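A.B. asks: Okay, handing you the structure first.
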Amino acid sequence: MLEVDQITTRYGAITALHGASLEVREGELVALVGPNGAGKTTLLNTVAGLLRPASGTVRLEGNDITGAEPARLVRAGLALVPEHRRIFKDLTVEENLRLGGATVPAGERRSRLAEAPELFPVLKAKWNTAAGFLSGGEAQQLAVARALMSNPRLLLLDEPTLGLAPTLIDVVFELLQRLREQGRTMLVVEQNATRILRLADRGYLLRTGRIVAEGTGAELAADGALFDSFIGGHAEGGTA
């Protein structure tokens, strides 16, 4: 589904990614974990077309999408749920969702809009509420629902539990579990490293812009020495 091959991405003179490679197979939930500043968001933004790599290749379903415009990538089947959600706070829940479906035909957009309250019941009662009045957990579900409006083949999620209270973190992980059971293909950057790895099919550990370990989610989650060496503690949180 997704192949990231030897990607190097720079911010001016600073190299944020050094030849990073990973893959996401159809139907998988793949976790990308690592310490703060490791380059996780940079990698997602490079895949999503928000950053252009200095070298390397990104392929989606075998097609080279390296450096493609984000709008083209949405049409190609890729959607990003960015860090801090970035919903339109002055627009209602419904209006946010309509914007998320802007690239699909009108009939499909209406169908997906009708399905959204069933998939995300918490949004049903907030349908005509300005998104700025949603709780953190509600806003995160709206961000995911908005991304799904384009019916993506691959969903990228950047720190979906960032800044949420523990009970709301549980809500987001329940949502990820539900999406996984539906067969959604996902690449997830998450600060709760152990927890996301336990949910993931496979995982990658990124440090100082380099992939330093990979394996099944269960293998990485169980490797306490690996966490101590590369993340700084085998803990639930504080590892983004």
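The values are calculated or read from the model by the stated rules, or taken from the named source; none is laboratory data. Values in this document were obtained by computation on a predicted structure and should not be read as measured data. Ideal geometry is used to build each Cβ from the backbone, glycine not excepted, and the neighbour counts take in all protein chains shown. Accessible surface areas use protein heavy atoms only, side chains included; no ligands, DNA or RNA. Shrake-Rupley method; radii C 1.70, N 1.55, O 1.52, S 1.80 Å.
A.B. asks: Take the residues in segment 99-123 that are touching a residue at least 24 places away in the same chain (Cβ under 8 Å) and among the basic types (Lys, Arg); name whichever of them is nearest to residue 181 (Cα to Cα).
C.D. replies: Among residues in segment 99-123 that are touching a residue at least 24 places away in the same chain (Cβ under 8 Å) and among the basic types (Lys, Arg), the one nearest to residue 181 (Cα to Cα) is 112.
A.B. asks: In segment 219-239, is there at least one residue being open to solvent by less than 20 Å² (accessible area, probe 1.4 Å), over 30 Å from residue 94 (Cα atoms) and modelled with pLDDT of 85 or more?
C.D. replies: Yes.
A.B. asks: Of all residues being of a type outside the set (S, T, N, Q) and open to solvent by 60 Å² or more (accessible area, probe 1.4 Å) in segment 202-211, which is modelled with the lowest pLDDT? Just the residue, please.
C.D. replies: The initial filter retains those residues of segment 202-211 that are of a type outside the set (S, T, N, Q), namely 202-207, 209-211.
Pick out the ones that are also open to solvent by 60 Å² or more (accessible area, probe 1.4 Å) and you get 207, 210.
Details: 207: 92, 210: 95.
Looking at residues that are of a type outside the set (S, T, N, Q) and open to solvent by 60 Å² or more (accessible area, probe 1.4 Å), I get 207.
A.B. asks: Let me ask something else. What are the pairs with Cβ atoms under 9 angstrom where one residue, in segment 72-90, is in contact (Cβ under 8 Å) with a residue 12 or more places away in the chain and closer than 21 Å to residue 185 by Cβ and the other, located anywhere, is of a type in the set (Lys, Arg) and surrounded by fewer than 16 Cβ atoms within 10 Å (Cβ to Cβ)? Sequence gap at least six, or different chains.
C.D. replies: So the pair list comes out empty.
A.B. asks: Residue check: is residue 177 in a helix (DSSP H, G or I), free of Cβ contacts under 8 Å to residues at least 40 places away in the same chain, within 15 Å of the chain's Cα centre (by Cα) and over 22 Å from residue 87 (Cβ atoms)? Even if it seems obvious, please write down each step before you answer.
C.D. replies: On the way: in a helix (DSSP H, G or I): yes; free of Cβ contacts under 8 Å to residues at least 40 places away in the same chain: yes; within 15 Å of the chain's Cα centre (by Cα): yes; over 22 Å from residue 87 (Cβ atoms): yes.
Yes; evaluated as a whole, the condition is true for this residue.
A.B. asks: Tell me which helices (runs of 4 or more DSSP H) are completely within segment 54-136 and hold 3 or more residues being modelled with pLDDT under 85 and either closer than 26 Å to residue 161 by Cα or open to solvent by 50 Å² or more (accessible area, probe 1.4 Å) (or both), or say none if there are none. So that I can check it myself, show each step before the final result.
C.D. replies: Values: elements: 70-76, 93-100, 106-119, 121-124.
Qualifying helices (runs of 4 or more DSSP H): 106-119.
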